[in-house]
1. Could you list, in sequence order, all residues of the stretch A:62-98 that are small (Gly, Ala, Ser), within 14 Å of chain B (Cβ to nearest Cβ) and either part of a loop (DSSP other than H, G, I, E, B) or touching a strand residue (DSSP E or B) at 6+ places or on another chain (Cβ under 7 Å) (or both)?
2. Condition first: in contact with a helix residue (DSSP H, G or I) (Cβ under 8 Å, 6 or more places away or on another chain) and open to solvent by 10 Å² or more (accessible area, probe 1.4 Å). Now tell me which residues in the stretch B:26-38 satisfy that.
3. Go through (1) in a loop (DSSP other than H, G, I, E, B); (2) under 13 Å from A:Leu133 (Cβ atoms) and name the single condition A:Glu46 misses.
4. Among the residues of the stretch A:85-98, which ones are loosely packed, with under 13 Cβ neighbours inside 10 Å and either within 14 Å of A:Pro57 (Cβ to Cβ) or of a type in the set (A, V, I, L, M, F, W, C) (or both)?
5. Out of A:Gln102, A:Gln118, which single residue is at pLDDT 95 or above and surrounded by fewer than 19 Cβ atoms within 10 Å (Cβ to Cβ)?
6. Checking A:Pro32 against (1) in a loop (DSSP other than H, G, I, E, B); (2) under 23 Å from A:Lys122 (Cα atoms): exactly one of these is not met. Which one?
7. Looking only at the stretch A:85-106, how many residues end up being more than 6 Å from ligand 1 (Cβ to nearest atom) and on the phi > 0 side of the Ramachandran plot?
Amino acid sequence: MENKFNMEFMGLSENEALARTVTAAFITSLDPTVEELSELKTAVSEAVTNAIVHAYPDGVGMVGLSGRICGKKVYITVSDTGIGIDDIERAREPLYTGKPEQERSGLGFSIMESFCDQIDVKSKCGSGTVVTLIKQIGGNKGEE
Amino acid sequence: MNIIETDKNALLVTPEGELDHHLAGKMRTEIDKKLGRGIINIIFDFSHLSFMDSSGIGMIMGRYKRIQKLGGRVIIAAPKPQVKRIIEMSGLLGIIQISPSVKQALRKL
Ligand SMILES: Nc1ncnc2c1ncn2[C@@H]1O[C@H](COP(=O)(O)OP(=O)(O)OP(=O)(O)O)[C@@H](O)[C@H]1O
Ligand SMILES: [Mg+2]
């Protein structure tokens, strides 16, 4: 099956729940298991929280959330137009955080990676970050 | 979220719903107001928590560091499978114990 959505919200912490709820509702038609659903919700929560807490150090910016279903594969994209990530490889390392003083533990990217089949991170300093989470729902991982 | 002081110098913290960055911020403020002044232990009752992400881990770690300085302990009671999985992934289990119930957590203090 084929489906898409696209939305934008203010980067306020109360909107983290909104992003998870929209994602959960969007994949309902694929009949995910409880585990698949909580994995994708957690991964989305990590990406959206990063956009809210890291991308806009001087205030509140907009966060984009879009989704695409293609067969059994779900693509969820979280984007911001914030400060960007200067070293993506280092940012993705387990336990790396740029903000230890804010009680962050550097687990976000590791959780996204272990709860999705694949994640793709594109970022440019000064212009923002786009994180795409890719996960197959249901069925044999081998078949498309 | 419910916070009460129990015996054994403990704070029993019972959040409901989803522990993300939004709720973690509120919990941090509420808990830190009560630490010290006789309270040296925290029991997190996670039996009503359906979701947690890394922001919850950061909040728990932060409270653990404060409790450690007070010479007390942090125990997590009754986490659901999704929450338990995140706790296990985080390495938190090396420093914080999980109990099946609040009753048993209290007994450990
Ligand atoms: N959207 C973003 N914009 C700018 N920097 C980002 C963004 N997302 C991540 N980063 C950078 O990458 C680092 C690692 O992110 P990650 O989510 O793994 O850990 P964290 O957010 O620091 O901690 P945790 O997720 O455990 O709370 C962040 O500390 C931040 O420096
Ligand atoms: Mg993060």
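1. Hit for the stretch A:62-98 is A:Gly98, nothing else.
2. Result: B:Arg28, B:Asp32, B:Leu35, B:Gly36.
3. (1) is the only condition that A:Glu46 fails.
4. A:Asp86, A:Leu95
5. Within the list A:Gln102, A:Gln118, the selection yields A:Gln118.
6. (2)
7. 2
Conditions tested, residue by residue: (1) within 16 Å of ligand 2 (Cβ to nearest atom); (2) among the small types (Gly, Ala, Ser).
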{"site": "A:Ser66", "(1), (2)": "no, yes"}
{"site": "A:Cys70", "(1), (2)": "no, no"}
{"site": "A:Tyr75", "(1), (2)": "no, no"}
{"site": "A:Thr81", "(1), (2)": "no, no"}
{"site": "A:Asp87", "(1), (2)": "yes, no"}
{"site": "A:Arg90", "(1), (2)": "yes, no"}
{"site": "A:Pro94", "(1), (2)": "yes, no"}
{"site": "A:Ser123", "(1), (2)": "yes, yes"}
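The values are calculated or read from the model by the stated rules, or taken from the named source; none is laboratory data. Fair warning: this is a prediction, and the values are worked out from it, not measured in the lab. Positions of Cβ are backbone-derived with ideal geometry, glycine not excepted, and every protein chain shown enters the neighbour counts. Just so you know, the surface numbers come from the protein's heavy atoms only, side chains and all, with ligands and any DNA or RNA stripped out. Shrake-Rupley method; radii C 1.70, N 1.55, O 1.52, S 1.80 Å.
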